[in-house]
Structure formats: structure tokens, C-alpha cells
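Bear in mind that the values in this text are calculations on the coordinates, not laboratory data. Source: prediction; values computed, not measured. Cβ sites come from the backbone with ideal geometry, for glycine too, and all protein chains shown count toward neighbours.
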Amino acid sequence: ATLYWIFLLVGGGVVVLQFGASLLGLHHHAPHDLSGHGGGLNEGLQLFSVRSLSAGIAFLGLGGLAGQKFGFPGPLAALAGAAAGIIAAVAAAVLMRGMLRLESDRSFKLAATVGHSGEVYLSVPDRRTGTGKIHITLQGRLMELDAMTPDDAIPAGARVLVIDTIAPSTVIVALQPRILDQGDGDA
């Protein structure tokens, strides 16, 4: 029982300290990975992070104490503690991965559209006399943006190239030249 209390107090103490530090803004944005493999979001679950391990250790102690309280024999209480610890470590890793995804900046930046092509949805009036609309796919999502052109009017359905940005959601576009296929032309 003493060993389970030690696990519970040490693991739980680390969890409480980390939670308190994050409330005070003392946490780091990168996960505390003890595996030595870095902490990118695409590397899977961080089961060997300080948070995951400390949650696992705390629940190992809690599960072992609960097993003893319910009258489980020693090995069965240890098995209950181990199961609770593994579940808690995986749950902590899954929660941290979700939180890190929320923290990552996936917001759309209008300047990122420059150099990308789109399709005119509503015709774009000539010489910046008004706005039309274009559809452009960027960062994995389709967006509709206001568009102006310094040139002749651009009809709906035309392919355009974003050459600049103005205002919070308006882009400057130019008619995108059609690249001839090898089979086109008289060559």
C-alpha cells in the first residue's frame, strides 16, 4: 500500500504542479518529450512526455489502492493499477495532442494567397471600378474572396492569379495566361 501511495503522491504532485504552472503561464508550448525524438504534432502520441508519465504513475497508485480497497489479492491489485496507469497515460497523451492542435496557428492569412491561382465566381469589373468574387483553395480549404483587377474585366469561370492584396478580404487579380498543352498549336 505504501508503494501505491508514493506513486499517487509523486505522479499526482507533478500533474498538479504542471497544471498550476500552466495556469500561471509558466508552461512551454512544446511538449516535454522524454523519448529524445522531438515534439512535432505529426509524430503520434507523446506517451513518454512528463505529463503522460506523471498521469500514468498517479493512476497506477490510485488503481492499486482501489484494488486493495476492494479486496483484490496483491497481483490483481497491481494489475488494476497498471491498467489504470496505462489508460491515464494514453488519455493524457491524447488530450495534449488535441490541445497542441488547438494551439497551432491555422488561421488564414490573406497575404498567403499572392502567387496562387483561383477561379472567378462573379465577374471582376475592369480597372478597379468594383469588386467581383473568386474562389481559391488554400491551406486545404476553399475560400471566397472579393477581387479587383487593374486590367480589363474578367468574366466568371476565368482562371486568375492573385498578384496583391488590399483591405482585409480583397485581392488584386490578373487573368492567368493559359498554358498550351503539348498537343495544342501548329507545332
> Given H placed on each backbone N at 1.01 Å, which residues far from T165 in sequence or on other chains put an amide H within less than 5 Å of it?
Replying inline: I172
> Ordered by residue, what ³J(HN,Hα) values in Hz, to whole numbers, does the range 47-62 give under the Karplus form 6.51 cos²θ - 1.76 cosθ + 1.60, where θ = phi - 60° and Gly and Pro are x?
Replying inline: 5, 9, 7, 4, 5, 5, 5, 5, 5, x, 5, 4, 6, 4, x, 5
> If you plug each phi of the range 70-85 into the Karplus form 6.51 cos²θ - 1.76 cosθ + 1.60 with θ = phi - 60°, what whole-Hz ³J(HN,Hα) values come out, in order, with x for Gly and Pro?
Replying inline: 7, x, 5, x, x, x, 6, 5, 5, 5, 4, x, 5, 4, 5, x
> Got a sec to turn the phi values of the range 131-147 into Karplus ³J(HN,Hα) couplings, 6.51 cos²θ - 1.76 cosθ + 1.60 with θ = phi - 60°, whole Hz, x for Gly and Pro?
Replying inline: 10, x, 9, 10, 10, 9, 9, 8, 6, x, 9, 8, 10, 10, 10, 6, 9
> Using bins 10 angstrom wide from zero, how does P(r) for the range 120-169 break down, in % of all Cα pairs?
Replying inline: 28, 60, 12, 0
> What is the packing order of peptides 52-62, 76-86, 11-21, taking the mean over residues of other C-beta atoms within 10 Å and listing the highest first?
Replying inline: 52-62, 76-86, 11-21
